[in-house]
Amino acid sequence: MSEATLEAAAYGVVPETGMDREAIIEALKEKKANDLTDLARVYGYTYSPGGETEAVAREAYMMFLKENALDITSYPSVMVLEREVVRMIANLLRGDESVVGNMTSGGTESILLALKTARDYTRHHRPEITEPEVILPRTAHPAFHKACAYFNIKPVVIGFDTTTYKADVAEMRAAITPNTIMLVGSACGYAQGVIDPIVEIGALAKEKGLLCHVDGCVGGIHFSFMRRMGYALPDFDFTVEGVTSISADMHKYGYAPKNASIILYRDKSIRRFQIFACGLTTTYALVNPTMLSSKSGGPVAGSWATLKYMGEAGYQNLIRRLMDTTKILVDGINAIPGLRVLGQPDMCMFSFSSDEVNVFQLQYEVKKRGWYIQPQFSTPLSPPNLHISVIPPVLGNEEAFLADLRGAFEDLKASGNHLDFGMVKEQINGLIAGLSEDEAKERLQQLAGMDDDMPEDFSMVNTVIDGLSEDLRKFLLEDYVNQLFV
Ligand SMILES: Cc1ncc(COP(=O)(O)O)c(C=O)c1O
């Protein structure tokens, strides 16, 4: 292969002549060098149990890779598979025959659709509302804020109980105005793995004649099986009066390949407002049940195959092991003096904090020992913390992880290398006092070391971002990503 062609593989150039297959695979392997590839040491992101389940899902996905779900008349098989997946998940979430839904590309698309549908449903039924508001607990996923930004809805953020991390329903009631269109609860929230009081939120929505969305993206499928296994859980699904839509992701604890999620509605009279058609142009009549138009049948087939291959027994076996492991991790972390788990997680995911060390530095110490756990910022009601999602590939490694976490924590304390949140915040305020907004942003980026190269150690970036006002946080994060991508 010519030097020029090899060079083209390394940089963003279309090669003069095509590279050969082996060279392409080799180049792609090299590009993965800095990825989180040792999945047994990564507490998040990859939910697949691997083995035969993954092999079956992969085969199904590849069988439908080229099928275009855009056209249900040309590819009726994809619609049939989608209907079956939707019905399986609606049944798990105890919906009756009137519950309907669609497959989407992920939790974010499902949430975007739930809010767009709520906005348009309300526009039709309550046209007097011109400035719609959705009430969101602080623990709700950022996708709700994205939906509000996209669809011109005002997000009204309410608090949570700082011990249990459950949404504060009294505050939700007080936040309702004549413009409110929807209440939101999570089952569960990602950050702490806690289920909101959905029965109370649903009852409030019913009382006030509002729509009510339950975000079951990460927990909906898992909790449904847990309930069938006899675990004590509060109700969060379609048995709760007042709940009008639920999102549930197949590509998380449904174990299907990405991109696969499900958005469900109480009935077709609501779902009607999700669908978009256009017959006004010179091209084909466009009819889209969800946001994407052309889309691969792969995720639909992958989801169908995963559900059918794993079966109830497959899910239950895995869930039992995940929940047992979560208990070991939660107890183990709470047993390290100086670390504490936040709230009481219902799910196989949770977070922990510390008053003794900077948790973002702790995350880096743990990373140096070969483990990935995820930093989460403080809010007005919660401290900076580290998140753990217990997923199939990490099963069996909990004792090794706990030993390394303890070692990392002790070493960090002993090192005296303490990046103090309060001091960094003070430094930030001093640094930007009297500067114009643009100057302030530039100085903050310099302080955090946010440039074109991603640092190995993100603790300074994270500590600076944590110390900023909500507006500056948002700006800096958006601007950083704008810098990173070409
Ligand atoms: C509770 C919850 N909702 C929504 C989402 C967004 O899902 P996605 O990343 O598939 O868009 C997530 C992602 O983790 C989540 O945990």
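Set the Förster radius R0 to 30 Å, insert the Cβ-Cβ distance between Glu470 and Asn34 as r into 1/(1 + (r/R0)^6), and round the FRET efficiency to 0.05.
Efficiency for this residue pair is about 0.45.
From the residues Phe458, Pro289, Ala175, which one has its Cα farthest along the dipole of the chain in the positive direction, the dipole being from +1 and -1 charges on Cβ of Lys/Arg and Asp/Glu about the Cα centre?
Result: Pro289.
Using +1 on the beta carbon of Lys and Arg, -1 on that of Asp and Glu, and nothing else charged, what's the dipole of region 263-339 about the Cα centre, debye to 20?
I would put it at about 260 debye.
With a bin width of 20 angstrom, please list the P(r) values of the chain as percents of all Cα-Cα pairs, from the 0 bin to the one holding the largest distance.
21, 54, 25, 1
What is the set of long-range amide H partners of Met349 at a cut-off below 5 Å, with H atoms built 1.01 Å from backbone N?
For Met349, whose amide H was placed from the backbone, the distant partners under 5 Å are Val390.
Taking the DSSP beta bridges in the chain as the whole, what percent of them are antiparallel, to the nearest 5?
The antiparallel fraction comes to roughly 60 percent.
Taking the alpha-carbon distance from Lys66 and a cut-off under 18 Å, which aspartates and glutamates remain once sequence neighbours fewer than 8 residues away in the same chain are dropped?
Glu82
Taking H as built 1.01 Å from N, whose amide H comes closer than 5 Å to the amide H of Cys212, not counting residues under 5 places away?
For Cys212, whose amide H was placed from the backbone, the distant partners under 5 Å are Leu183, Thr244, Ser245.
Going by how many other beta carbons lie within 10 Å of each one, how would you line up Tyr11, Tyr231, fewest first?
Tyr11, Tyr231
Taking the Cα centre of the chain as origin, sum charge times position over the Cβ atoms of Lys and Arg (+1) and Asp and Glu (-1), and report the length of that vector in debye to the nearest 20.
Here the size comes out at about 1680 debye.
Hey, fewest Cβ within 10 Å first, where do Ser186, Ser389, Ser469, Ser105 land in order?
Ser469, Ser105, Ser389, Ser186
What FRET efficiency do you get for Lys154 and Glu3 if R0 is 51 Å and r is their Cβ-Cβ distance, rounded to the nearest 0.05?
0.35
Can you compute 3J(HN,Hα) from phi for each residue in region 394-408, using the Karplus curve 6.51 cos²θ - 1.76 cosθ + 1.60 with θ = phi - 60°, rounded to whole Hz and x for Gly and Pro?
Computed from phi, the couplings for region 394-408 are 8, 4, x, 9, 5, 5, 5, 5, 4, 5, 5, 5, 4, x, 4 Hz.
Counting Lys +1, Arg +1, Asp -1, Glu -1, what net charge surrounds Ile153 among other residues with beta carbon under 15 Å of its beta carbon?
+3
If we count other beta carbons within 10 Å of each Cβ, what is the order of Leu472, Leu342, fewest first?
Ranked by crowding around the Cβ, least crowded first: Leu472, Leu342.
Tell me, in nm to one decimal, what length is gained between Gln446 and Val287 on full extension, where the rule is 0.36 nm per residue of separation less the Cα-Cα distance?
52.4 nm is the gain from fully extending Gln446 to Val287.
In whole Hz, what ³J(HN,Hα) sequence does region 138-150 give by Karplus (6.51, -1.76, 1.60; θ = phi - 60°), x for Gly and Pro?
4, 7, 5, 5, x, 4, 5, 5, 5, 4, 4, 5, 5
Beyond 25 Å, what percent of the Cα pairs of region 250-401 remain?
Percent of Cα pairs beyond 25 Å in region 250-401: 51.
Taking 31 Å as the cut-off for C-alpha to C-alpha distance, list the pairs among Lys32/Lys295; Lys116/Lys425; Lys146/Lys166; Lys146/Lys327; Lys368/Lys425 that go past it.
As for pairs spanning more than 31 Å Cα to Cα, those are Lys116/Lys425; Lys146/Lys327.
Only the coordinates and a few stated rules stand behind these numbers; no lab work does. The structure displayed is predicted, hence computed values, not measured ones. So basically every Cβ, Gly included, is an ideal-geometry build from the backbone, and we count neighbours across all protein chains shown.
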